[in-house]
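Note sheet for the following structure.
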Amino acid sequence: MTAVRTYFSDVFMGLWTALVGMSITLRYLFSKPVTEMYPDVKPRTPTRYRGIHVFEEEKCIGCYVCAKACPVDCIEIGVVRKGKEIKITKFDIDYQKCMFCDLCCEPCPAHCIHMGPEFEKASFTRKGTILQFATPKTLTEEEKKVEKVARK
Amino acid sequence: MSELAAVLPGVLEKAGWSVPGGLVPVLAMFICASIVAAAMGLSAAVLVWAERKLAGHFQCRLGPVYVGGKFGWLQSIADGIKLLLKEDIIPADADRPLFRLAPYLVVLGVFLAFIAFPVSEKLMVADLNIGIFFILAVLTLEVFGVILAGWASNNKWALLGAMRAAAQMVSYEIPMGLAILPVVVEAQSLSLKSIVAAQSGGMLRWYVFQPPFFMGVSFLIFFLAGLASLKRAPFDLPEAESELTAGFHTEYSGMRFSFFFMAEYAGMILVSGLAAALYLGGWHGILPGQSGAMWFLLKTAFLVFVMIWLRWTLPRLRIDQVVYVGWKVLTPFVLACVLGQALMAYK
Amino acid sequence: MVAVEKDVRTDELVINMGPQHPSTHGVLRVVLKTDGEMCLDAQPDIGYLHRCAEKIAENLPYGQFVPYTDRMDYVSGMGCNMGYCMAVEQVAGIQVPERGEWLRVIVTELNRIASHLLAFGTYGLDTGAITPFLYGFRERELVLDLLEMLCGARLTYSYIRIGGVDGDVPPEFMDKLKEFLDIFPKKIREYNKLLTYNHIFMKRTVGVGVLPADVAIAYGVTGPCLRGSGVRQDVRRDEPYSVYPKLEFDVPVGTDEHGPIGDAWNRYYIRIRELEESAKILRQCVKMISPGPVLAEKVGRVKPPAGAEAYTRSENARGELGFYIVSDGTMTPARVKVRAPSFSNISVLPAIVRGQMLADVVAIIGSLDIVLGEIDR
Amino acid sequence: MPSVLSASGQTAADQTKARYGDAVLEIQKCATDVILKVAPGAWAEVHAFLKGQGFDLLVSICAVDWPKENKMWVVSHLYDPEGRRRISVKTESPRDAARVDSLTPLWAAANWHERECFDLSGVVFTGHPDLRRILCPEDWEGHALRKDYKAPDFYHGIANNVNLIDLDHRPPIPEIV
């Protein structure tokens, strides 16, 4: 008898639980979708969002601390020092490697590098993913001699 | 079609074309065929869009939104164009003739079945006196296409899908065929036109609501068996994407792939329409006296909606469970219904 | 009597499931030996995602390896962060301030919820139900929003640092968390109605892939998979770390209510019940957390004594996550061994797959809830 | 950090020492564990004994390379789910001949852990039924976690070194014949 009862209860439960599930999906058919329309409405990023870096060149003292703190060596810095004057000739971040871990921003003594809200920086070439943050400068011959470019 | 053949000479004469009398039926045939094909393609396109849109809203999403304005209603046209432009890939080790033949076979079955499709009293290609028998017979053709596709792809996953399709579709032919028997017994006819005509006179005259509900149960069984023979969830074993990647049409691409797609969606309309005609009063309205193609299309649309609704709710059965349900659940129940209805008719 | 002719010979079919397959949850390859729909043998083949993170760890200062731990179990990165940081703290003798520990527990439990929701959703997908996946993701989104508010990242957090956490919570965080905890139980009930107790789903999973407790222990299976087999083992309770001793929570184990203990359904249902337990823990945390510093002072340069070693265990979403660190007295570790729970969990697959059907293989792999980033490291 | 992670395997360690005497070279203590340092020959025996003591769960097996001292540690971590005790076993052998007995007869879990250890550190486990690479491809050369390991620049034509990747152009797509 149990076999018969299981048979009929299986048939009944199969239909009943299907109906229960369908009632749930039907309820959501008429509820408001949760989709965010991506290119039209940009998602609001929280203040701590870790996106593409923001670099304040005028504050930078070219100390390489950020490059040293980087686990993947993606920051390359070029500095020309002449006495007290500091010229940042190169501040490249390779976003092929960068893993947005925020480790470079913490140790900066001048607070010149931060994680920004930007996240759209796709590129068609590998070179296009290397962003150059320092403003381009023309160097004199003398400056070229003392320029120091390093990753770590 | 016969009506079309009757009015066609007059129309042609007005247009100033002279056609030999013997060619008129052939011409009418071509016109009907192209109308059916166009309707099939169009309805598949609309359904693909509707399914995506509905699936989106069932899942708290939006579905297509960009192509063609706010509701993305041109999405399936765009998809169709994309599929047309895609490279037609035939695997190197595939059995080329069979691989090419399979999609046509799949479409052919559904296409033929539309001949006896009773949209309204006037709007049907041919009122065959064995209409329903004909539809069930030609629908079976699809399984050959599916098995050929799976076999010819020379892919292990596709082969497994095809074997599942064979097991499943053969198992479900039986309850599906038996499920229409109570209706046939009641209407004393195999012609869809007279079956629908017997249900005139309001909602309570529809077969599905006839006490003692033998036909109500067989409606449910017909619908489930129809789902299974269409390979729709929860019976979508042959193409179960989480197990077999895409089942029998894994290796198909471009237009050939879209043929399978079209057959599935046209099949949905066919099974829903058939259920509407057999059990839900076809073109008859809710109140006595109401009738028209509109009612039929509404009922079909509702049943198609239920199919979509089921697909986006339920998990998938396993192949042994599918066969179990077919043979051990649906078949005994439908046999009981046939027996009951026969006894009622005997009295 | 007629002799049965046995000349219809069938061959075994060897099928490659993966590395690109929708249901292997990543780049796992399973070599299946099938007879029709029956699966005779399944040998997992791993390593497609191998990056040798342990070697990377040997070449980096201790603190710089934290972002890499996110990439191991990328579904519950917080747990990996925490496991690694705990190990380094043991080796270097660093004390974490109390609030730091509370925040660690909050984020790991939130991350456990996110991870289990993903497991729930993908298990629905594996059994053919697509909608639960989207519903699971909808709630997971809320959790990820919370974590994003906290640390600015949605998947690779590296929020937990050696000696504490990276910054205190923003002011609105606790309210948002409470809001989430209020709506969450209702959603769990909905999941149960939609999927857990669906009859088709139960037919697909009850009695499938039964993993007896002794086999599970022999294979080193831990976490929800082991608890599904009826063994009440949870590192949070057995060897409480952080502030877990102060918290009250149950450790759900598999039951024989609907079928054999240790089947796929039990493993799945443990995760659903752990969602509730995690919510319970979070509610207590919100009440009990006290203000204070979140990061230990002067941990900038970690330099443990030579020869120091430690093996720490923590309960990640998938089981016991162990970090074994050996120091050689320099700025970089001599060895970091990651004991990944999924690695042991997937090794049990051949033992429980035999004689099941092809569709069950998918259901079993899904119920083990593996993350390939962690298996291959 | 308060050491709630109790070093609970002390009694088991003492018992093992009493039983095996000189084969157990030393009982060490670290921040989290009691470590039994055993002679390489007693590796399997000690594990069998510990398993009998209730340490049912083999948590992990790994190797630590010490090139200066020319030695290779093989370390295993065990756990007793009922008594909630844990213990580590460590053995030391020369780097070139890092070889211990396999634990696969005792724990099914040892199979994969030993394969991983062989793959990454080159420790040979005698008696292992199927000692091949598990994470790296079969034809990979060297053992990555050895300190003197040098990663190859190319593997089957795929650049492994970042500096060898041409940043300006994508690599040319090979003609499909």
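The values are calculated or read from the model by the stated rules, or taken from the named source; none is laboratory data. Please read these numbers as outputs of a predicted model, since none were measured by experiment. Reconstructed Cβ throughout: ideal geometry from the backbone, glycine too, with neighbour counts over all protein chains shown. Heavy atoms of the whole protein, side chains included, go into the accessibility calculation; ligands, DNA and RNA do not. Shrake-Rupley method; radii C 1.70, N 1.55, O 1.52, S 1.80 Å.
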* Projected label distance in nm at C:Gln284 and A:Lys59, using a 7 Å step from Cα toward the beta-carbon -> 4.2 nm
* **Solvent-accessible surface ranking, highest first, for C:Arg29, C:Arg51 at 1.4 angstrom** => C:Arg51, C:Arg29
* **the stretch B:50-92 - percent of accessible surface contributed by carbon and sulfur, probe 1.4 Å** => 70 percent
* Taking the Cα centre of chain C as the origin, how large is its charge dipole in debye, to the nearest 20, when only Lys and Arg (+1) and Asp and Glu (-1) carry charge on their Cβ atoms? -> 500 debye
* Determine the calculated [θ] at 222 nm for chain C from helices alone, applying -39500 (n - 2.57) to every DSSP H run no shorter than 4 residues and normalising by the residue count; nearest 500 deg cm²/dmol. => -14000 deg cm²/dmol
* Structure fact -> chain B, Gaussian network, Cα under 10 Å: of B:Phe214, B:Phe71, B:Phe114, the residue fluctuating most is B:Phe71
* Asked: In square angstrom, rounded to the nearest 10, how much accessible surface does D:Thr104 have for a 1.4 Å probe?
  -> 30 Å²
* **Most mobile of A:Met115, A:Met13, A:Met99 in a GNM of chain A (Cα contacts under 10 Å)** => A:Met13
* **Furthest towards positive pole of dipole, C:Ala53, D:Val75, C:Val235, structure part the protein assembly as shown, Cβ charges** => C:Val235
* Asked: Hey, can you list the residues from the stretch C:77-116 whose accessible area shrinks by 50 Å² or more with all protein chains present, relative to the chain by itself (probe 1.4 Å, no ligands or nucleic acids)?
  -> C:Gln90
* To do: May I ask for the accessible area buried between chains B and C, both sides summed, probe 1.4 Å, to the nearest 100 Å²?
  => 2500 Å²
* Asked: Please state the relative contact order of the stretch B:20-73 as a whole percent: Cα pairs under 8 Å, 6+ residues apart?
  -> 17 percent
* **Dipole of the stretch B:23-104, positive end: most advanced residue of B:Leu83, B:Ala33, B:Gly72 [Cβ charges, Cα centre]** => B:Gly72
* Asked: Can you pull the percent of chain C's accessible area that's carbon plus sulfur, 1.4 Å probe, other chains left in place?
  -> 54 percent
* Structure fact -> Taking r as the C-beta separation of B:Ala336 and C:Glu190 and R0 as 41 Å, the FRET efficiency to the nearest 0.05 is 0.70
* To do: Using protein chains only (no ligands, no nucleic acids) and a 1.4 Å probe, work out which residues of the stretch B:240-281 have their accessible area cut by at least 20 Å² relative to the chain alone.
  => B:Glu241, B:Ser242, B:Glu243, B:Thr245
* Structure fact -> To the nearest Å², the heavy-atom accessible area per residue of the protein assembly as shown with 1.4 Å probe amounts to 42 Å²
* Structure fact -> The pairs in B:Lys14/B:Lys193; A:Lys87/A:Lys145; D:Lys51/D:Lys71; C:Lys337/D:Lys29; A:Lys68/C:Lys298 lying past 20 Å Cα-Cα in this model are B:Lys14/B:Lys193; D:Lys51/D:Lys71
* Asked: Roughly to the nearest percent, how much of the accessible area of the stretch A:31-152 is carbon and sulfur, given a 1.4 Å probe?
  -> 55 percent
* **Debye-sum result for chain C in log10 I(q)/I(0), which assumes one identical scatterer on each alpha carbon, at q = 0.12 Å⁻¹** => -0.89
* What is the helix-to-structure angle for C:358-368, meaning the angle in degrees between its Cα long axis and the longest Cα principal axis of chain C, kept from 0 to 90 and rounded to the nearest 10? -> 20 degrees
* Considering chain C as a Gaussian network with a 10 Å cut-off on Cα pairs, which listed residue, C:Glu276, C:Glu297, C:Glu89, attains the greatest mean-square fluctuation? -> C:Glu297
* Run the dipole for the protein assembly as shown about the Cα centre, Lys and Arg Cβ at +1, Asp and Glu Cβ at -1, nothing else charged, and hand back the magnitude in debye, nearest 20. => 1620 debye
* **Exposure of C:His25 as accessible area (Å², to 10), given a probe of 1.4 Å and all protein chains** => 40 Å²
* Structure fact -> With DSSP loop assignment and no more than 12 other C-beta atoms within 10 Å, the trypsin sites (Lys or Arg not before Pro) in the stretch D:1-90 are D:Lys68
* Accessible area buried at the B-A interface, both sides summed, 1.4 Å probe (Å², nearest 100) -> 1600 Å²
* Cα-based helix-to-principal-axis angle, A:2-29 vs chain A, degrees rounded to 10 -> 50 degrees
* State, in square angstrom and to the nearest 100, the accessible area buried between chains A and C, both chains counted, probe radius 1.4 Å. => 2300 Å²
* Asked: Quick one: Cα centre-to-centre distance for the stretch A:28-82 and the stretch C:278-293, in angstrom?
  -> 30 Å
* To the nearest 10 Å², what's A:Leu19's accessible area with a 1.4 Å probe? -> 100 Å²
* Asked: For chain C, what relative contact order do you get, as a whole percent, if you take Cα pairs closer than 8 Å and at least 6 residues apart?
  -> 27 percent
* How large is the dipole of chain B about the Cα centre if only Lys and Arg carry +1 and Asp and Glu carry -1, each at its Cβ, rounded to the nearest 20 debye? -> 600 debye
* **Residues in the stretch C:348-377 that, when all protein chains are in place, have 40 Å² or more less accessible area than the chain alone would give (probe 1.4 Å)** => C:Met357, C:Leu358, C:Ala359
* Would you work out which of C:Ala264, C:Phe120, C:Leu247 lies farthest towards the positive end of the dipole of chain C, given +1 charges on the beta-carbon of Lys and Arg and -1 on that of Asp and Glu, about the Cα centre? => C:Leu247
* To do: Can you tell me the order of C:126-136, A:21-31 when each peptide is scored by its average per-residue count of other Cβ atoms within 10 angstrom, highest first?
  => C:126-136, A:21-31
* **Angle in degrees between helix C:131-151 and the longest Cα principal axis of chain C, rounded to the nearest 10** => 10 degrees
* Asked: Hey, can you rank D:146-159, B:141-154 by average C-beta count inside 10 Å, highest first?
  -> B:141-154, D:146-159
* Asked: Which lysines have a Cα less than 30 Å from the Cα of C:Lys280, not counting those fewer than 8 places away in the same chain?
  -> A:Lys32, C:Lys176, C:Lys178, C:Lys186, C:Lys187, C:Lys193, C:Lys246
* With an 8 Å cut-off on Cα pairs and a minimum separation of 6 or more residues, tell me the relative contact order of the stretch C:243-325 in percent. => 20 percent
